[in-house]
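Below is one structure, written out as structure tokens, with a few remarks after it.
Read-outs: derived from the displayed coordinates by stated rules, not from any lab. Please read all numbers here as calculations on a predicted model, not as lab measurements. For neighbour counting, all protein chains shown are included, and Cβ atoms are generated from backbone atoms with ideal geometry for every residue, glycine included.
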Amino acid sequence: MALVISNSGTRTLLQSAIIFFAAVAPLAAQGIPPNPTPAQANPSPLADTEALSREALVWLAQLIQINTTNPPGNEQAAAKYIAGILEREGITPELLEVAPGRSAVVARLRSSAISDPSRALLLVAHMDVVGAERARWTVDPFGAVMKDGYMYGRGALDDKSMLAANLATIIALKRSSGRLNRDVIFLATDDEEAGGDASIRTLIAKNWDKFAAGYALNEGGEVISKGGKVQYVAVQASEKVSVNVALIAKGPSGHASIPTKNNAVVHLAAAVAKIGAYSAPVHFNTVVRRYFEGLAAVSDDEIAKWMRSLDTTDRGEHAQRFISDANPQWSSMMHDTIAPTMLSAGVRANVIPGEARAMLNIRLLPGDTIDVLLGALSKLVNDPQVRFEVQPNAGLAAPTSSLESDLYAVISKVASQEFGGAPVLPYQSPWATDSSQLRLHNVQAYGLWPFPVTDEDLARMHGDDERLSVASFNKGVAVLLHIVSDFAVTK
Ligand SMILES: [Zn+2]
């Protein structure tokens, strides 16, 4: 049932309108009512979340059909599409041009004539997606194909579902007659996946006054479901810091028929092997401690026992090894990690090169510094022919968002209520999101990705056949709206 549309990212509004109507047919054929009549003004924004989710599902499908593969991104087409929806609802959008062909969209619901940025809530999601290898998918990655109750498409998980849910939330608040006690700001960003010139860093530098806020909800967390039941809700409050380091070995170049012991390739390979086997020391912070405490409550007895022993003096070391070996993601929450990702050396098969290089992608725990880690690695490698070179554009360590804030309390309460009493855990993600840039600007930003998914589906993020079940999408829309209403609407 895939609807094949032009792959070109740049579209006029007229073309977007054609796509908008063209896309309706296959969705309707699949049982999704096309653009149902918007609900009339309700006293509560939570009055009819089912009708709202049906509308939002159409927005999700149409956002997937707008190809925003980054690079080049071409997010402007998605930005114009979103602006059109907001305009129809009487919400004034503003397009902020970040780079040619790349615009962010910002829109605001005001609580009073004078805004108080320190109280404002920012709903942020990115419009760009990572590339898709079409040949490896069973459906068109940009077709928004419905199959077995799932919406398939690049961005179905990351991050167009969140984008559509944020859009649904601000629209539901606007349609309702509930009174806001703080400004609610919608922001759709560019270039999150590449973190380049068009990313939130530039947006903040150029336009911070347009979306300055004290609180933010963004991607980065997860709701893990097992056997049809939500096991736990992870709310991202902190994230690791990405730094690329080049490992460079030098040696004399020469004829390959007369090899010597100081061959740069041999020295580089030895250094990479040592680094690959290295495990950085364990460091805990409050977020990670509380994550494992909470996770222990829903884990098998054996795992739970070691999770509870992680921070003890007598059994701590053994527990840290056991938990790290049990799950690489758990390991990454406790250690700085180093992943060699690229290798290069040589130009001819019969020439010993004078230089060999490896790229190391390092993820630092928020409190750790690259100098300390490289000090330990230099000692380990212990080779005067090998040196480390920190690459530009390293991430910046951001403060952790508070686990005592009003917003965190609302998220915990509502998420637990909505997901059958499942524990809500603070989470430190191994990956980076736009939230670190917000946290550096004093924003209490939380990664709340409200759609319940299995580990199997989550593994498709950035992979093949990315998909989200319609039931999960609907639930996520309702949960997000519930949280935002509790936080921002006067009771
Ligand atoms: Zn994302």
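Structure above, values below:
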{"quantity": "Distance between the range 304-337 and the range 448-468 - C-alpha centres, whole angstrom", "calculated": "26"}
{"quantity": "Above-threshold pairs, the threshold being 28 Å between Cα atoms, out of K160/K413; K413/K491; K240/K305", "calculated": "none"}
{"quantity": "For L425, residues with placed amide H under 5 Å, excluding near neighbours", "calculated": "V233, A234, V235"}
{"quantity": "D (Stokes-Einstein, µm²/s), Kirkwood Cα radius, the range 239-390, 1.002 mPa s at 20 °C", "calculated": "123"}
{"quantity": "Local net charge near D140, Cβ-Cβ under 13 Å (Lys/Arg +1, Asp/Glu -1)", "calculated": "+1"}
{"quantity": "Between 0 and 90°, nearest 10: helix 406-418 axis offset from the chain longest Cα axis", "calculated": "80"}
{"quantity": "Alpha-carbon Debye profile of the chain, log10 I(q)/I(0) at 0.07, 0.12 Å⁻¹", "calculated": "-0.41, -1.10"}
{"quantity": "Burial ordering of L203, L396, L63, fewest other beta-carbon atoms within 10 Å first", "calculated": "L396, L203, L63"}
{"quantity": "Rounded to 10°, Cα long-axis angle of helix 316-326 versus longest principal axis of the chain", "calculated": "70"}
{"quantity": "Residue order, fewest to most surrounding Cβ atoms within 10 angstrom, among R439, R119", "calculated": "R119, R439"}
{"quantity": "Per-residue Cβ neighbour rank within 10 angstrom, fewest leading, M334, M342, M461", "calculated": "M342, M461, M334"}
{"quantity": "Largest-first principal axis extents of the Cα set of the range 50-183 (Å)", "calculated": "53, 37, 25"}
{"quantity": "Across K250/K274; K229/K475; K80/K147; K147/K229, pairs whose alpha-carbon gap is larger than 20 Å", "calculated": "K80/K147; K147/K229"}
